[in-house]
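**Student:** Pasting a structure here, questions to come.
The values are calculated or read from the model by the stated rules, or taken from the named source; none is laboratory data. Just so you know, these numbers come straight off a predicted model, no measurement behind them. Neighbour counts are summed over all protein chains in view; Cβ atoms, including those assigned to glycine, are modelled from backbone coordinates with ideal geometry. For accessibility, only protein heavy atoms count, side chains too; no ligands or nucleic acids. Shrake-Rupley method; radii C 1.70, N 1.55, O 1.52, S 1.80 Å.
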Amino acid sequence: MKKGRASQKGGGTAQAELFGEETSSEMAEQKTRGSSKTSQLKVTKKNRTPSPKTPKSRGVHKVAKQREISVSEFFAKNRHLLGFDNPSKALLTTVKEAVDNSLDACDEAGITPEIHVAITQTQDDRYLVSVQDNGPGITPKEIPRIFGSLLYGSKFHRLRQSRGQQGIGISAAGMYGQLTTGKPMTIVSRVKRNKAHRFSIMLDTNTNLPVIKSDEEVEWESKHGTCVELELEASYKSGRHSVDDYLWQIALANPHVEIHYTPPKGDARTIARATKVLPAEAKEIKPHPRGVELGQLMKMLKDTRARNLSAFLQTEFSRVSGKVASEILAKTKLSEKTSPARAHRDAAESLYKAIQSTKIMNPATNCLSPIGDDQLIASLMERHDADFCAAITRPTAVYRGNPFLIEAAIAYGGKSFSADEPIKLYRLANRVPLMYQKMACAISKSVIDVAWRNYLVQQSRGAMPVAPMAVLVHIASVWVPFTSESKEAIASYPEITKEVKLAVQESGRKVATHIRRGRRLADQEKKKSYIEKYIPHIGIALQEILGLTDAKRTTTENNLKDILEKSRKL
Amino acid sequence: MATKKKNGNSIVDQIRDEASSVETKVNRGAKPAMKFPIRSLQNVKYDPKKGFFEMRGRKKERTLTVNTVKTFAQTLRMMSLSKELVETDDIATKREAYYVSKNWEEARFKEQPESDTVMDDVEALFGVNREQLGFIPEEKGGDVAGQLVVIDNDPSTGQPLRIDCTKFGSGAYSIPISVEQLKFETKAKFILVIETAGMFQRLVKHSYWKSANCILISMGGVPTRACRRFIRRLSDDKRIPVYVFVDGDPYGISNIYRTLKVGSGSAAHLNEFFCVPKARFLGITPQDIIDYELPTHPMKEVDIKRAKDALKNDPFFLHHKAWQTAVRQLLKMGVRAEQQALAKHGLNYVIEEYLPNKLANTKAFLP
């Protein structure tokens, strides 16, 4: 769960004026969220009056038209940005956000995850979704903000591999449920050695603040864990893009998870874990100098506690030693002793340029937790029962200063595939399957870009290859560059597409070896049967034409067999 | 052309020799091989003095390997079938031979074109006509009407039989598969060979042969071997010119006319007998399309390819400058015109105007 920094102001008493007049002051900043720390949301009651510093203040004399927009209002109107464009996708996104959070919480606490997902139909177009995990649980104090406020979370500002990263997901699902059914979200959570709490929470879209409808201590059978329940307007489908498919892929991407799933129609089922090995813990890292943009650098200079520039570089960034810091500063006209707070814009710019031209070690890789070759193979074999499976983990690479790592695995042959259909492509980002926008994704583009014919796999120009095969590509990164907030496709950074291609090509080569071996055996088998089929006819014809005796015919046939078999071996 | 009887033994001997060399090689522990002449336009040359496509003598060697073992077995079985046919003085059509192979289990042919190819290979291997191997085609030879008496033998009595080709009314005499035994009596001035049955019908209906004192022969597309041989024997025996009247398109020119005149690329060992070097091209020429303002159709992709191919690879067109000019002209015009297009000027325009006009100046005919 988004076990965020504890909020002192998590207002349990806020009025539920869902469509009131007052506005939050922070909305203008949310659009720059991606690149700057300034986006940290400091929604407080104090800020509920417009601040004179906001960019919109020039419109004061026209108050009726110019107004702040709250984060929640913005996303309520632009729900497609978060993956709620249609009823069936809304259902999937809700389950996905809840499950992602559960898995993140379990991984961080070192717990082998066991997740229960249940979907029940309450009305024609309404479904009740319930997701329960055996994670560490959330303290009652944190629950309201985590579930009742958008862009509140622990994952945005740190550089560490996790499934969620923005602090939008589950609260957006709650908001969508509230908008479509008017019902609050229910959360039951229990921290070890504490009583369980049941919360009923709504979200005030004007203020982006939680509204607690009820909070009570309850008896709960689990020792620790969290259960989220919410009702929403949705529709349930099976097949591609379905909740079923998503859970199946989640299990593929997280071989250590066990899922109990009760669909709205049909029998409850369990997807067993393929391994008991927990993923390695991912460490949090400081930003890499190369990944920082000028504006962010300026802000860091302002905020730092370091007394001089050399210390600033060494403490605020990863991979900067005293030597590297001097090297960077030597390229500027700045002194190592200069106070960061007094570095003006030009100084920051020269520092920024110096960083770009200095050789700096790549970011540490222990912040990443790949699935691992063995786990990938085990997982694919468990799910596909293929004839052959190969997996590759690439060394860590860097885009925009963010370390990332690509893993690829290919399962080939077996009953679960059809030879004349396009391959099954699994796109995973930080162990989360990507379900939508296949063709907008850097992974799909790179897979299509690979010259599959070199690996004895059919492919028409610019299309997915056609083979009895599944290709899985996983990108693990401290910050996965998605093309949108709904996290459906990876942006095409050249560093990323290059690594994906290399990983897929490498595993493709292994598959080609397998295919070639198979073909060679089949070929030999065919040739052998050829010899056995047709040599007798040569014997018959020679006997008919030359009037050979049966004995002579047999010798001739045997000699011929010897000649051909010998030549085949050579 | 040698008759079947006379050559019968030597064919059997040739088959036996070939089989025996295979057998000897195998039992010596070596890979057997058979040498086949290459049957394509690439392997023929055109000598205008001889007047037909002649084989250049390039051969491909088919060594017995794992990959060729099936064809090799089929070729030998086909040779064995041929030997049996010749020895028992029997015949089999190409289709029948294909059905015989159905008894060869794994070595059977899937489709008739496969067995036809093997048959053609065997034919070329021994340099004989397939009739000499005991195989006959099902195809019809062509139709004849006009000032000609064909003397054949009655199949049951062996007595000579006079066939008057003027006495078929609106029908015609059908050229038999084997024409070697035929004799001819005629006073016709020329033979007019026609591509389509439709045009032939028109000329027969209006007894064109009577007014023009000629023999009309319909080929019905690319002329069969029998048809080519019939025209050749008739024109040689009676020393009468042969004029060819086909559609004005690359198919009519390069496939039909060229095959009639100099033979084909795929059975080049037989062209010496199955061609009509004397034949001349009456029409429809590319110039006719302009002169007679004929209605046209645009050339199809295959037509253009065929024409370009003729200019580039066909020794006959490479030799005749006049033909190169004509084919280039046709390509430039980008259109084709059928024989029947003359009907634009009236149904009998062809009889009343076109043919008399053209025949008035036979020297201008394309070679």
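**Student:** Give me a single rounded figure for A:308-320: the average over its residues of other chain Cβ atoms within 10 Å of their Cβ.
**Tutor:** 0
**Student:** Right, something else. Which ³J(HN,Hα) values, rounded to whole Hz and listed in residue order, are derived for region A:78-83 from phi using the Karplus coefficients 6.51, -1.76 and 1.60 in 6.51 cos²θ - 1.76 cosθ + 1.60 with θ = phi - 60°, glycine and proline given as x?
**Tutor:** 10, 4, 5, 5, 9, x
**Student:** Separate question: Kindly count the pairs of lysines across region B:257-367 whose alpha carbons are less than 23 Å apart, treating pairs on different chains or eight or more residues apart as eligible.
**Tutor:** 24
**Student:** Okay, next question. Among B:37, B:113, B:76, which residue has its Cα furthest toward the positive end of the charge dipole of region B:6-132, with +1 on Lys/Arg Cβ and -1 on Asp/Glu Cβ?
**Tutor:** Result: B:37, furthest along the dipole toward the positive end.
**Student:** Based on the alpha carbon coordinates of the protein assembly as shown, what radius of gyration and maximum Cα-Cα distance (Dmax) apply, in Å?
**Tutor:** Here Rg and the maximum Cα pair distance are 44.5, 130 Å.
**Student:** Ok, one more. Count the lysine pairs in region A:275-350 whose Cα atoms lie under 27 Å apart, taking only pairs 8 or more positions apart in sequence or on different chains.
**Tutor:** Within region A:275-350, the lysine pair count is 20.
**Student:** Follow-up question, since we're still on this one. Name the residues of region A:537-551 whose accessible area falls by at least 30 Å² when all protein chains are present instead of the chain alone, probe 1.4 Å?
**Tutor:** In region A:537-551, residues shielded by partner chains: A:537, A:538, A:541, A:542, A:544, A:545, A:546.
**Student:** Given a cut-off of 23 Å, name the pairs among A:528/B:31; B:25/B:45; A:237/A:438; B:25/B:70; A:561/B:25 whose C-alpha atoms lie farther apart than that in the structure shown.
**Tutor:** From A:528/B:31; B:25/B:45; A:237/A:438; B:25/B:70; A:561/B:25, over 23 Å: B:25/B:45.
**Student:** While we're looking at this one, here's another question. If I compute solvent accessible area with a 1.4 Å probe over the protein chains, what percent of it on region A:289-357 is carbon and sulfur?
**Tutor:** On the way: 1870 of 3900 Å².
C and S fraction of accessible area: 48 percent.
**Student:** Hey, another quick one. Taking the Cα atoms of region B:71-191, what is the range of coordinates along each of the three principal axes, in descending order and whole Å?
**Tutor:** The Cα atoms of region B:71-191 stretch 55, 27, 24 Å along the principal axes, largest first.
**Student:** Can you pull out the buried accessible area for chains A and B, both sides counted, probe 1.4 Å, rounded to the nearest 100 Å²?
**Tutor:** In total, this chain pair buries about 2300 Å².
**Student:** Now for a different question. Give me the dipole magnitude in Debye, nearest 20, for region B:162-224 about the Cα centre, with unit charges on the beta carbon: positive for Lys and Arg, negative for Asp and Glu.
**Tutor:** For region B:162-224, the charge dipole is close to 280 debye.
**Student:** In the neighborhood of residue A:492, defined by Cβ-to-Cβ distances under 11 Å, what is the net charge if each Lys or Arg adds +1 and each Asp or Glu adds -1?
**Tutor:** Here the charged neighbours net out to 0.
**Student:** Here is a follow-up. Please list, by residue number, everything in region A:233-271 whose backbone N is under 14 Å from a paramagnetic label point 7 Å out along Cα→Cβ of residue A:277.
**Tutor:** Under 14 Å, as judged by backbone N against the label point of residue A:277, lie A:254-257 of region A:233-271.
**Student:** So, one more: Want the number for residue A:359 to residue A:307: 0.36 nm per residue separation, take away the alpha-carbon distance, what's left?
**Tutor:** Values: separation 52, 0.36 × 52 = 18.72 nm, distance 2.45 nm.
Residue separation times 0.36 nm, minus the Cα-Cα distance, leaves 16.3 nm.
**Student:** Return the long-range amide H neighbours of residue A:484 (sequence gap of 5 or more, or a different chain), with a cut-off of under 5 Å between placed amide H atoms.
**Tutor:** Here the answer is A:489, since their amide H atoms fall under 5 Å of that of residue A:484.
**Student:** If you take the beta carbon distance between residue A:139 and residue A:213 as r and set R0 to 30 Å, what does 1/(1 + (r/R0)^6) give as a FRET efficiency, to the nearest 0.05?
**Tutor:** FRET efficiency, residue A:139 to residue A:213: 0.95.
**Student:** Please turn the phi angles of region B:28-33 into ³J(HN,Hα) values with the Karplus equation 6.51 cos²θ - 1.76 cosθ + 1.60 (θ = phi - 60°), one per residue in order, whole Hz, x for glycine and proline.
**Tutor:** Once θ is set to phi - 60°, the couplings for region B:28-33 become 8, x, 10, 6, x, 8 Hz.
**Student:** Carbon-plus-sulfur fraction of the accessible area of region B:313-359, 1.4 Å probe, in percent?
**Tutor:** About 52 percent, which is the carbon plus sulfur part of the accessible surface.
**Student:** Suppose all protein chains stay in the model; what accessible area per residue would a 1.4 Å probe give for the protein assembly as shown, in Å²? Walk me through the intermediate numbers first.
**Tutor:** Numbers: 42800 Å² over 937 residues.
In whole numbers, the protein assembly as shown has 46 Å² accessible per residue.
**Student:** Additional query: Cβ under 12 Å from residue A:248's Cβ, residue A:248 left aside: what net charge do those residues give with Lys, Arg +1 and Asp, Glu -1?
**Tutor:** +1
**Student:** In debye, nearest 20, what is the charge dipole magnitude of region B:143-364 about its Cα centre with +1 on Lys and Arg Cβ and -1 on Asp and Glu Cβ, if you could check?
**Tutor:** 480 debye
**Student:** A further question on this structure: Give the carbon-plus-sulfur fraction of the accessible surface of region A:366-570 in %, rounded to a whole number; probe 1.4 Å, heavy atoms of protein chains only.
**Tutor:** Working: 4240 of 8770 Å².
Carbon plus sulfur share of accessible area: 48 percent.
**Student:** With unit charges on the beta carbon (Lys/Arg positive, Asp/Glu negative), name the residue among A:248, A:197, A:371 whose Cα is farthest towards the positive pole of the charge dipole of the protein assembly as shown.
**Tutor:** Selected residue: A:371.
**Student:** Is there a quick way to get the dipole size of the protein assembly as shown? I mean about its Cα centre, with the Cβ of Lys and Arg at +1 and of Asp and Glu at -1; what is the value in debye to the nearest 20?
**Tutor:** About 3500 debye.
**Student:** Then there's this: Which chymotrypsin sites (Phe, Trp or Tyr not before Pro) from region B:313-348 combine a DSSP loop assignment with at most 10 other Cβ atoms within 10 Å?
**Tutor:** Working: sites: B:316, B:317, B:323; in loops: none.
Within region B:313-348, no chymotrypsin sites (Phe, Trp or Tyr not before Pro) qualify (loop, at most 10 other Cβ atoms within 10 Å).
**Student:** Excluding residue B:293 itself, what net charge comes from residues whose Cβ is under 14 Å from its Cβ, given Lys and Arg +1 and Asp and Glu -1? Provide the component values of the computation, followed by the final result.
**Tutor:** Values: positive: B:344; negative: B:288, B:291, B:353.
Charge balance near residue B:293 sits at -2.
**Student:** Using a 1.4 Å probe on the heavy atoms of the protein chains only, list every residue of region B:76-125 that has 10 Å² or more less accessible area in the complete assembly than in its chain alone.
**Tutor:** In region B:76-125, residues shielded by partner chains: B:76, B:77, B:80, B:83, B:105, B:106, B:107.
**Student:** Under the Karplus relation 6.51 cos²θ - 1.76 cosθ + 1.60, θ = phi - 60°, what is the ordered set of whole-Hz ³J(HN,Hα) values for region A:405-414, x standing for Gly and Pro?
**Tutor:** 8, 10, 10, 9, 9, 10, 10, 10, x, x
**Student:** Select from B:295, B:246, B:279 the residue farthest towards the positive end of the dipole of region B:241-316; place +1 on Cβ of Lys and Arg, -1 on Cβ of Asp and Glu, and compute about the Cα centre.
**Tutor:** B:279
**Student:** Search the structure for amide H atoms under 5 Å from the amide H of residue B:281, placed 1.01 Å from N in the peptide plane, and list their residues when 5 or more places away or on another chain.
**Tutor:** B:244, B:366
**Student:** So how tilted is helix B:321-333 from the main axis of chain B? Cα-based, degrees 0 to 90, rounded to 10.
**Tutor:** Between helix and principal axis, roughly 70 degrees.
**Student:** Now, a different point. For residue B:136, list long-range residues whose amide hydrogen, built 1.01 Å from N in the peptide plane, is under 5 Å from its own amide hydrogen.
**Tutor:** B:92, B:93, B:94
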